[in-house]
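The values are calculated or read from the model by the stated rules, or taken from the named source; none is laboratory data. Being a predicted model, the structure only gives us computed values, none of them experimental. For neighbour counting, all protein chains shown are included, and Cβ atoms are generated from backbone atoms with ideal geometry for every residue, glycine included.
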Amino acid sequence: MSSSPQKASTAPLLAGIKVLDLASVGPAARCSRMLADYGAEVIKVGPTAKHGQAQIQPPYFSYGAGRGWQKMQINLKEQAGKDTFLRLSKTADVVIESFRPGVAARIGVGYEAVRAVNPGIVYCSVSGYGQDGPYKNWAGHDINYLALGGLLGCQGKREDGGPAIPGATVADSAGGGMQAVIAILAALLKKQTTGEGAWLDVSIADGVLSLTSLNIEQYLATGEEPKAGNTLLTGRYACYDVYECADGKWISVGAIENVFYRNLCRLLDCEALGDFQMDDAKQAEIRAAFAQAFQRKTRDVWVAELAPNDTCTAPVYGIAELVDDPQLLARHVFCEAEHEKRGVFRQVGPVLAGGNRLQPRLAVADRSTTQTDGILQSAGFEANEIAKLRSEGIVE
């Protein structure tokens, strides 16, 4: 009998790939989190404490608590710091930066400078709106990219009529971080066959467009503008909605295919409504009937009765519930980490396909801890060179 994929013992998919990451938080850090989970050697390069504006320090538990990352600090305001970074770049496969467009080049660590010492480098620039265009220098965060990319405009409404704010940083994680990972992996594959590197212009706003493309393409092809509540996937029909159960908890229904919808109607004792799934005139009646039916039992009872029977239903979890869900536990999506100052805690593990989910408790360092000497040594720096850089405040 073969073992399940996540239990198979294999070498990390990105073993031997070295990444220099100049970002502190946000989409670029999510990208390097995923690359590290696939086995890449990720070196987080931040500014020295005494020089320049300190980068944002996220909570100790965020971004997987920095598991699998190494960290060093370089003063890039000094020529010796730039030279140190470029020397490190000679041994790297990937460089990630998330400065505003043009900043990396201005301080001497942009694509052209790195390519001059490492022609095959895969250089990934992650920014809100991309390296060109009238918005390229706009500051922004997740909500801004979701707004411009149309996702917020298709959300359900708050009580004041405004769009609801999603409970996850969709733009940062999927629009930016995952887009960067995909682009980097594609560039590394090309490099294997051609030897050529690449400069990747990752725009988070562009990434959000790929996430909302079904709605955008509907409008471009038909002139019909999808909005909250007027399309199948934004709540137009009762078969794709959420309902409150007897205990005040909620259940999600996504019975798009007619066979699943009819199964749901039968199990809710609403079989008379089986012929009217997409009848706009009947939606209020169907919603009312479903709402009344779900009020007869608690959420978990309904899930137990409906979910195994081809109805496309699932519980609406709060975070405190999902961390003990039996399906997620069986998939080994959580792991334990032991922080040198904070102790032991659970965290989301390497959940993307191909990651190692069966790792022992992971030791994670405090974010103030650096591994500078070891990083420089592995890049060919001699002990006296490292000592000089430290004494001059170029590295920490």
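Overview of values
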| item | result |
| --- | --- |
| Flag if Ser210 is within 30 Å of Asn137 (Cα to Cα), crowded, with 19+ Cβ neighbours inside 10 Å, hydroxyl-bearing (Ser, Thr, Tyr) and touching a residue at least 12 places away in the same chain (Cβ under 8 Å) | no |
| Long-range neighbours under 7 Å by Cβ, at least six apart or interchain, first residue in contact (Cβ under 8 Å) with a residue 40 or more places away in the chain and assigned by TED's automatic domain parsing to the domain that holds Ile184 within region 88-113, second among the acidic types (Asp, Glu) and crowded, with 18+ Cβ neighbours inside 10 Å | Ile96/Asp21; Ala104/Glu97 |
| Number of the exception - Lys44 against (1) more than 23 Å from Gly349 (Cα to Cα); (2) at pLDDT 95 or above | (1) |
| Failed condition for Asp201, given (1) touching a Pro at 6+ places or on another chain (Cβ under 7 Å); (2) among the charged types (D, E, K, R); (3) assigned to a strand (DSSP E or B) | (1) |
| Residues that are touching a strand residue (DSSP E or B) at 6+ places or on another chain (Cβ under 6 Å) and among the aliphatic types (A, V, I, L, M), drawn from region 89-116 | Ala92, Val94, Val95, Ile96, Ala104, Val114 |
| Boolean, Gly81 is outside any loop (DSSP other than H, G, I, E, B) and modelled with pLDDT under 95 | no |
| Restricting region 344-355 to residues that are touching a strand residue (DSSP E or B) at 6+ places or on another chain (Cβ under 9 Å) and over 19 Å from Ala168 (Cβ atoms), the residue that is surrounded by the fewest Cβ atoms within 10 Å (Cβ to Cβ) | Val344 |
| Among residues of region 350-375, those that are of a type in the set (Gly, Ala, Ser) and either in contact with a His (Cβ under 7 Å, 6 or more places away or on another chain) or in a strand (DSSP E or B) (or both), counted | 1 |
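Per-residue answers, yes or no, for (1) over 29 Å from Ser213 (Cα atoms); (2) modelled with pLDDT of 95 or more; (3) of a type outside the set (Gly, Ala, Ser):
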| site | (1), (2), (3) |
| --- | --- |
| Asn118 | yes, yes, yes |
| Val122 | no, yes, yes |
| Ser127 | no, yes, no |
| Tyr145 | no, yes, yes |
| Leu151 | no, no, yes |
| Cys154 | no, no, yes |
| Pro163 | no, no, yes |
| Ala168 | no, no, no |
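Yes or no, residue by residue, for (1) small (Gly, Ala, Ser); (2) over 23 Å from Ile17 (Cα atoms); (3) outside the structural domain of Thr91 (by TED's automatic domain parsing); (4) surrounded by 10 or more Cβ atoms within 10 Å (Cβ to Cβ):
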residue: Pro166; (1), (2), (3), (4): no, yes, no, yes
residue: Val170; (1), (2), (3), (4): no, yes, no, yes
residue: Gly175; (1), (2), (3), (4): yes, yes, no, yes
residue: Met178; (1), (2), (3), (4): no, no, no, yes
residue: Leu189; (1), (2), (3), (4): no, no, no, yes
residue: Ala198; (1), (2), (3), (4): yes, no, no, yes
